[in-house]
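Working notes, structure below.
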Amino acid sequence: MTEQATIIAQMRQLIQILAQHNHAYYVMDQPTISDSEYDQLFHQLKALEQQYPDAVQADTPTLKVGGQALSKFESVTHVVPMLSLGNVFNYEDLQAFARRIEERLPNQTVEYDVELKFDGLAISLWYENGVLTRGVTRGDGETGEDITQNVKTIRNLPKVIQLADGSVPKLLEVRGEVLMPKAGFEKLNADNEARGEKTFANPRNAAAGSLRQLDPNIAAARPLAFYAYGIAQCEPHHGLTSMSASLEWLNQLGFAVGERHFVCDSIEAVQAAYEQINRERPELLVEIDGMVIKVNDLKQQQSLGFLSREPRWATAYKFPAVAALTTVDNIDWQVGRTGTLTPVARLNPVAVGGVTVSNVTLHNIGEIHRLDVRVGDTVSVYRSGDVIPKVEKVWPEFRPVDTVEVQLPANCPVCDSPVVMPEGEALARCSGGLYCAAQRIEAIRHFVSRKALDIEGLGDRWVESLLHLDLLKDVADIYHLHEHREQLLTIEKMGEKSVQNLIDSIEKSKKTTLAAFIYALGIRGVGETTARMLANTFQTLEALKAADLEALKKTPDVGEITAEWILDFFQAEHNLEVVGRLIEAGIHWDAPIAPTRQPLNGESWVVTGTLSTMGRDEATQLLQALGARVSGSVSSKTKCLVAGEKAGSKLDKAEKLGIPVLNEEQFIALMKQHGQIEN
Ligand code: IVH
């Protein structure tokens, strides 16, 4: 095989494995590998593609991510309009629906196809010559928005199709619904919450928000799934005669279809199917808001036709909404691990769809104002499927006379530090990040991490035991642990040796850099790079503490909101107290290199291969301290490449482009020359 053919074979194999895993995950709901194994395979494919861009396959799942962000979506007119459905809400209405149909089809037997009514967003997908070429939202039914880029990031959706006989339709337009399966939704919200970001009220909002992202990378990171429910166009004609056969056909082409589906020969059987699904609803993978009942025979559908904008041959059969009235006893503010303040309504306990609800999140102050909910109010609490209950509506007519509008608390209910909410942010936060007990675990975890104070061995298990023994109220207590040696020895599995190792690595961490120390404080928005810029700009901790908003905003890499977070951080007294205790405990650093002494300012460097005297991270830091930007790949803009042992393609590329290359010895000499390494 030629090299190209081998690469293509490798890519095809990876694409096939990834597609199989996607199918197992989304369609069968039986993942065969972990998410991280999936990611590894995905990245392997991506790496191959980066190396061999000419060999990239049309159906690769990676192509769908990493596209350019759009400035707006284009509108597209639907060739076949996307109509809506009539509704029935009870058995009587359903019988009337069936009667109307049967009257129009005298002496014919009618079968009903009964499907899940997905609670997501309707879209249309075009496959031209077997390749997914466009995805459009329903819009107003006539015109939708072109969301092809985002649609292509949906993992369970086939990017190429082929019929069972190996042929490919010239055109296939598939209709269906994009949604976020419940498990993915819960994980997304949990992850967002842990990061202190906004959570979504329900899977539908999460799916809608994700699909309408102009940047496809955001959509790609969201666990969206597509479920097909119909064929709008197929050339040449598929030859199918029923709705149920169409769904099976779509499923064979690789589309996920509803996890339940019935073909019923009477309206009584339809009712029984509806009742069954209403009971099984909590176990379903996806959120549904009812069933869709369709005449199964496609010819009969055609002869029934449409009445205004709705088909006569189909109807939605909605589930009764599960809602109940109760009163709000109180509104509390909970502080998350990253300091976000979330309002929680404490309710007079009420049964909603068989579950007693006594607490409901109100998400944020904006939501409170939108609902205008107050303590004492009567509210409708709504639960869709098994998803988190929410306050849907406030009934002002039942409002007691003496209620007051809810305000954001000025101080953290846990630590009393000021609560802050920069303009444009949806969430309010406690500014006492270093001190607040609610944020303690995250603060410690971050403080000891490798790029912060790098205290090896102070892992989560230790931290938990230390919190349990009440030895860690905040990060400064880390430097007093040696005073509690006896207590440390009582921790299970901690012998003399591990205690000594811990104390040694704590001692060692006292010598650090100003940049690492600033980073370690865990100020919101201040990552490694920003911390370095702050260190280089302000030179001393005192100067940073004293900096005003203007000065902070002028620092490279510091935006307006981050500047505010920094200011708030150093204005919270408790934080200053902890910082003071850290310095008192002996944390110190050499003065950072002043920006005027950054000889590599603005240059782009690349480090590759194995260095014998230091890790690549360390080399990167040395370069960054001199003002260089360190990038992961060689291009014509690269100023210089540092190449250790076993430097591979980057070295070849640098040589090809005539970019200067330093070996380790030369690099160290340069660092010594600039005072980064001692002579
Ligand atoms: S068939 C002519 N089947 O319900 C209309 N629609 O009110 C044919 N929906 O926005 C629609 N699940 O996206 C059909 N199994 C299903 C569905 C379904 C959800 C949505 C659809 C549309 C709305 C119609």
remark   = If unit charges are put on Cβ atoms (+1 for Lys and Arg, -1 for Asp and Glu) and the dipole of the chain is taken about its Cα centre, the option from GLN233, ALA122, GLY648 lying farthest towards the positive end turns out to be GLY648
remark   = Filtered pair list for segment 456-571 (Lys only, Cα < 29 Å, 8 or more apart or interchain) has a length of 19
inquiry  = As a test of understanding, state the convex hull volume per residue of segment 52-144 from its alpha carbons, in Å³.
reply    = 194
ask   = For the chain, with only Lys/Arg (+1) and Asp/Glu (-1) charged at the beta-carbon, what is the dipole magnitude about the Cα centre, in debye rounded to 20?
value = 1100
message = If I model a spin label as a point 7 Å beyond the Cα along the Cα-Cβ vector, how far apart are those points for GLU577 and GLU618 in nm?
response = 3.9
message = Using only the Cα atoms of the chain, what are the Rg and Dmax in Å?
response = 30.5, 100
remark   = Note to self: Kirkwood Rh of segment 536-679, Cα pairs, one decimal, Å, is 17.5
ask   = Which trypsin sites (Lys or Arg not before Pro) from segment 444-484 combine a DSSP loop assignment with at most 11 other Cβ atoms within 10 Å?
value = ARG450
ask   = Dipole of segment 271-326 (Lys/Arg Cβ +1, Asp/Glu Cβ -1, origin at the Cα centre): which of ILE293, LEU325, TYR274 lies farthest to the positive side?
value = ILE293
Rg/Rh ratio calculated on Cα atoms of segment 133-200 (Kirkwood radius) = 1.10
remark   = GluC sites (Glu not before Pro) in segment 585-679 lying in a DSSP loop, each with at most 12 other Cβ atoms within 10 Å of its Cβ, come to GLU678
Charge-dipole axis of the chain as Lys and Arg at +1 and Asp and Glu at -1 on Cβ define it, positive-most pick from PRO422, ASN348, SER75 = SER75
The chain - percent relative contact order, Cα under 8 Å, separation 6 or more = 9
key: Exceeding the 26 Å Cα-Cα cut-off - candidates LYS46/LYS646; LYS187/LYS650; LYS152/LYS299   = LYS187/LYS650; LYS152/LYS299
inquiry  = Once each part is reduced to its C-alpha centroid, what is the distance from segment 312-333 to segment 136-185 in angstrom?
reply    = 30
ask   = Quick one: Cα centre-to-centre distance for segment 571-621 and segment 335-372, in angstrom?
value = 42
key: the chain, helix-only ellipticity at 222 nm - DSSP H runs n ≥ 4, -39,500 (n - 2.57), divided by all residues, nearest 500   = -10500 deg cm²/dmol
request  = Go through segment 400-415 residue by residue and turn each phi into a ³J(HN,Hα) via Karplus (6.51, -1.76, 1.60, θ = phi - 60°); whole Hz please, and just put x for glycine and proline.
outcome  = x, 6, 9, 6, 10, 5, 6, 10, 5, x, 6, 10, 5, x, 8, 10
ask   = Using +1 on the beta carbon of Lys and Arg, -1 on that of Asp and Glu, and nothing else charged, what's the dipole of segment 557-601 about the Cα centre, debye to 20?
value = 280
ask   = Which Cys residues of the chain have no other Cys Cβ less than 4.7 Å away and so no disulfide-compatible partner by this rule?
value = CYS234, CYS264, CYS640
key: the chain: antiparallel DSSP beta bridges as a percent of all, rounded to 5   = 85
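Just so you know, all these numbers are worked out from the coordinates, no wet-lab data involved. Just so you know, these numbers come straight off a predicted model, no measurement behind them. We place every Cβ from the backbone using ideal geometry, glycine too, and count neighbours over all the protein chains shown.
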